[in-house]
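To start, the structure under review is shown below, and the notes come after it.
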């Protein structure tokens with residue numbers, strides 16, 4: 001099995017010691033295979049990424065494959081405080097998720113008064129007592145109405161929009177402390193276990 005893990009260390013760390021600790025950790029995890037890291041860590045000092053997410057994205061892009069171990073610099077802005085706007089968006093998201101779940105539960109085919117339901121696609125009559133879930137077991141068609149499907153898509157779109165707004169606000173909060181944030185190494189290492 002292939003494993004990829006990430007770790008953060010201080011910028012002024014002893015690189016040889018960090019590499020030895022990771023190698024030891026891998027060899028303990030990988031004791032049956034009898035090995036540690038396949039390659040040493042490439043320490044890339046050229047760019048300082050604005051946050052840990054961007055650093056991890058860069059690690060994926062810079063990866064040469066074949067158990068490539070990398071380290072890049074980033075600003076540790078994870079201590080940015082949640083703003084009032086962020087809290088409001090999070091509350092809206094939670095409220096929307098509750099409304100979505102409540103609506104989905106209220107529209108379940110198992111809440112019908114009849115004992116059977118007919119699949120709109122394959123026209124099979126299905127006994128609700130034996131039906132698991134909300135899809136036809138023969139053709140996998142949604143058994144709830146098109147209105148239900150459209151409304152669920154609207155809930156999902158709203159949740160995506162709120163998630164995007166939250167990330168934008170989080171980025172603004174991180175931007176405020178970015179210049180003061182400590183620069184650290186984000187290390188990606190791979191091994192076979």
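The values are calculated or read from the model by the stated rules, or taken from the named source; none is laboratory data. Model, not experiment: these values are computed from the prediction. FYI the Cβ positions are ideal-geometry reconstructions off the backbone, even for glycines, and counts take in every protein chain you see.
Within region 62-71, one or more residues are modelled with pLDDT of 90 or more, exposed (fewer than 15 other Cβ atoms within 10 Å of the Cβ) and assigned to a helix (DSSP H, G or I). All of (1) within 15 Å of residue 189 (Cα to Cα); (2) part of a strand (DSSP E or B); (3) in contact with a helix residue (DSSP H, G or I) (Cβ under 6 Å, 6 or more places away or on another chain) hold for residue 74 with one exception: (1).
Could you list, in sequence order, all residues of region 6-28 that are buried (at least 17 other Cβ atoms within 10 Å of the Cβ) and not in a helix (DSSP H, G or I)? Scanning region 6-28 gives a single hit, 9. For region 81-108, filtered to residues that are closer than 30 Å to residue 10 by Cα and within 20 Å of the chain's Cα centre (by Cα), the residue that is surrounded by the most Cβ atoms within 10 Å (Cβ to Cβ) is 86.
Scanning region 113-136 for residues that are over 28 Å from the mean Cα position of the chain (by Cα) and surrounded by 12 or more Cβ atoms within 10 Å (Cβ to Cβ) returns 116, 117, 118, 119, 120, 121, 122, 124, 126, 128, 131, 136. Could you tell me whether residue 151 is surrounded by 11 or more Cβ atoms within 10 Å (Cβ to Cβ), more than 30 Å from residue 79 (Cβ to Cβ) and either in contact (Cβ under 8 Å) with a residue 40 or more places away in the chain or assigned by TED's automatic domain parsing to the domain that holds residue 22 (or both)? For residue 151, the condition - surrounded by 11 or more Cβ atoms within 10 Å (Cβ to Cβ), more than 30 Å from residue 79 (Cβ to Cβ) and either in contact (Cβ under 8 Å) with a residue 40 or more places away in the chain or assigned by TED's automatic domain parsing to the domain that holds residue 22 (or both) - is met. Checking 108, 66 one by one, the residue that is outside the structural domain of residue 6 (by TED's automatic domain parsing) and either on the phi < 0 side of the Ramachandran plot or free of Cβ contacts under 8 Å to residues at least 60 places away in the same chain (or both) is 108 and no other.
Do you know which of the residues in region 1-52 that are within 24 Å of the chain's Cα centre (by Cα) and modelled with pLDDT under 80 is farthest from residue 178 (Cα to Cα)? It comes out as 1.
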